[in-house]
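See below for the structure under consideration.
What follows draws every value from the coordinates through simple rules; no lab data is involved. All of these numbers come straight from a predicted model, not from anything done at the bench. Using ideal geometry, Cβ is built from the backbone for each residue, glycine included, and neighbour counts are taken over all protein chains shown.
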Amino acid sequence: MELAFERRGAGAPLILIHGIGHHWQAWTPVIDRLAAARTVIALDLPGFGASPGLPEGIPYTAESLADAVESFCSLLGVREPHVAGNSLGGYIALELASRGVVRTATALSPAGFWSRSELVYCQSVLRALRASARAMPQGQVVRAAENPVLRAVSAGVLVAHPSRLSPTALIAATQALGRAGGFDETLASFSGLMPPAPPKSPISIAWGEHDRLLLRRQAVRAARWSGQRVKLLKGCGHVPMSDDPDLVARVILEA
């Protein structure tokens, strides 16, 4: 299916997949670093950002979103790309690796490795963030983004260093969260989300040291599932791209 996307750079293709409620611009802090070595294609998942929703009758699940990414790659003529994703996007990257349709997959704090209580906590936090994004008038969104203290309150659960997230990026992310048509159904589907089948493609998993949404202890389960050590992103939160762009780009390019 056709999706909104941003393409930069030259070299082997690298698909970037954002998390729930976000948009391709989540990757802005790292995209040019990656584009120095790859043809980078950062996409908006169906029902998020500027992409249309899934066709009628297709439920929003991580698997159906992975289907859409696979179809999108076929439409562009991109075969066996590298892929990297964050949160829900990390799960999708691992799902594509389990299908053997990508060259490598890098997952940053991927969804799906939670306990029952951690899942409920994650869904509750995300629902609260979504409700706030939808309820706040535009002027209040701008004031919150431009005030350092309010920016820390509004973004602190997702990033370790809110001061490194520009007001413009936070405003755009808040708008994307509030307008995401696929959000509610996708979030509800998390209740049935289990780790994907064993990967057929090489994978790399990294976790934010200060992840306050998908808590760091979930990395232990991800390591057990993958049969390998999970890298720790020091000084980073759940959405690590603005916390340490150099580190995140290096982890992706070393996959």
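Numbers below:
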item	result
Expected 222 nm ellipticity per residue - DSSP helices of 4 or more, -39500 (n - 2.57), all of the chain, to 500	-13000 deg cm²/dmol
Charge dipole of the chain about the Cα centre (unit charges at C-beta), most positive-ward option of ILE205, GLN228, PRO195	GLN228
Entry for semi-axes √(5λ) of the Cα gyration tensor in Å (calculated from the structure that is shown) out of [x] 29, 23, 16; [y] 45, 18, 14; [z] 25, 20, 19	[z]
Exposed-loop-free span, longest in the chain, where trypsin sites (Lys or Arg not before Pro) count as exposed if DSSP calls them loop and at most 14 other C-beta atoms lie within 10 Å	80-199
Per-selection metrics, region 75-125 (Cα): Rg and Dmax in Å	13.1, 42
Cα-centred dipole magnitude for region 1-112, charges only on beta-carbon of K, R (+1) and D, E (-1), debye, nearest 20	440
Dimensions in Å of region 209-255 - Rg and Dmax from alpha carbons	10.9, 29
Nearest 10 degrees, 0 to 90: helix 62-76 Cα axis against the chain principal axis	70
Dipole moment magnitude, nearest 20 debye, the chain about Cα centre, only Lys, Arg, Asp, Glu C-beta charged	640
Rounded to 10°, Cα long-axis angle of helix 88-99 versus longest principal axis of the chain	10
DSSP-assigned coil residues among GluC sites (Glu not before Pro) in region 157-255, each with at most 10 further Cβ atoms within 10 Å	GLU254
Computed magnitude of the charge dipole of region 132-255 (debye, nearest 20; Cβ of K, R +1, Cβ of D, E -1)	320
0 to 90° range, to nearest 10: angle between helix 167-179 axis and the chain longest Cα axis	80
